[in-house]
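All remarks here apply to the structure that follows.
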Amino acid sequence: MSIAGILRGKGTQVVSVGPGDDAAAVARTLAQHRIGAVLVRNTSGAVLGIVSERDIARALAAHEEATARLLAEHLMTRVLYTITPTTSVAEALALMTDRRVRHLPVLEADGSLAGMVSIGDLVKARIAEAEQEASDLRHFVTTAG
């Protein structure tokens, strides 16, 4: 299965915040949408970085109560690992494992944002693939005999 298949199922909406949003606003956005990361985008929609729960936790450890006032542009991870809709689930999982990230923005060939996938999305897709394979094998064995 490709990432395009996952996006067809989950949708292409990506929750994002602005670079001037403070950590408290970012945390509220994460909680409201029940997600683990948001993209940081400027007013024209360009992706500047990503803020995850992990980024907020690290900031809290370093800055304590001042963390709530830190801006997304200071919290965000600027180096983004991205994939395309044609990337396979296995390739995306390998990238996540290698780079130790849990979310991957999906970019079209022209660089436009196509969506975002999480490790949960990919694991769910792999489980569905394995279950389908098992079902196909059972069907093959029972009808071939």
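The values are calculated or read from the model by the stated rules, or taken from the named source; none is laboratory data. Fair warning: this is a prediction, and the values are worked out from it, not measured in the lab. Positions of Cβ are backbone-derived with ideal geometry, glycine not excepted, and every protein chain shown enters the neighbour counts.
Of a type in the set (S, T, N, Q), surrounded by fewer than 13 Cβ atoms within 10 Å (Cβ to Cβ) and either more than 13 Å from the chain's Cα centre (by Cα) or part of a helix (DSSP H, G or I) (or both) - does that describe any residue in region 119-136? The answer is yes; a qualifying residue exists. Here P19 meets the list (1) more than 16 Å from R78 (Cβ to Cβ); (2) touching a helix residue (DSSP H, G or I) at 6+ places or on another chain (Cβ under 7 Å) almost entirely, failing just condition (1).
Just give me the residues in region 48-74 being within 16 Å of R102 (Cβ to Cβ) and in a helix (DSSP H, G or I), in sequence order. Those that are within 16 Å of R102 (Cβ to Cβ) and in a helix (DSSP H, G or I): E53, R54, D55, I56, A57, R58. Figure legend. Inter-residue proximity from region 102-123: first residues over 15 Å from T12 (Cβ atoms), second residues part of a strand (DSSP E or B), beta-carbon distance below 8 Å, spacing 6+ or different chains. Indicated pairs: R102/A37; R102/S52; R102/S118; I119/H103.
Results for (1) farther than 22 Å from G5 by Cα; (2) modelled with pLDDT under 95; (3) charged (D, E, K, R); (4) surrounded by fewer than 17 Cβ atoms within 10 Å (Cβ to Cβ), shown as yes or no for each residue.
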| position | (1), (2), (3), (4) |
| --- | --- |
| R28 | yes, no, yes, yes |
| G49 | yes, no, no, no |
| A62 | yes, yes, no, yes |
| E91 | no, no, yes, yes |
| A94 | no, no, no, yes |
| G111 | no, yes, no, yes |
| A114 | no, no, no, no |
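The listed residues are G115, G111, and the only one of them that is within 12 Å of the chain's Cα centre (by Cα) and on the phi > 0 side of the Ramachandran plot turns out to be G115.
Is it the case, given these coordinates, that L107 is modelled with pLDDT of 95 or more and more than 28 Å from T43 (Cα to Cα)? So L107 does not fit the description; no. When G9, G5, G20 are screened for being touching an Asp or Glu at 6+ places or on another chain (Cβ under 9 Å), under 17 Å from T84 (Cα atoms) and either touching a residue at least 40 places away in the same chain (Cβ under 8 Å) or assigned to a helix (DSSP H, G or I) (or both), only G9 passes. I'd like to check something: does region 107-114 contain any residue that is assigned to a helix (DSSP H, G or I) and aliphatic (A, V, I, L, M)? Scanning region 107-114, I find no residue that is assigned to a helix (DSSP H, G or I) and aliphatic (A, V, I, L, M), so the answer is no.
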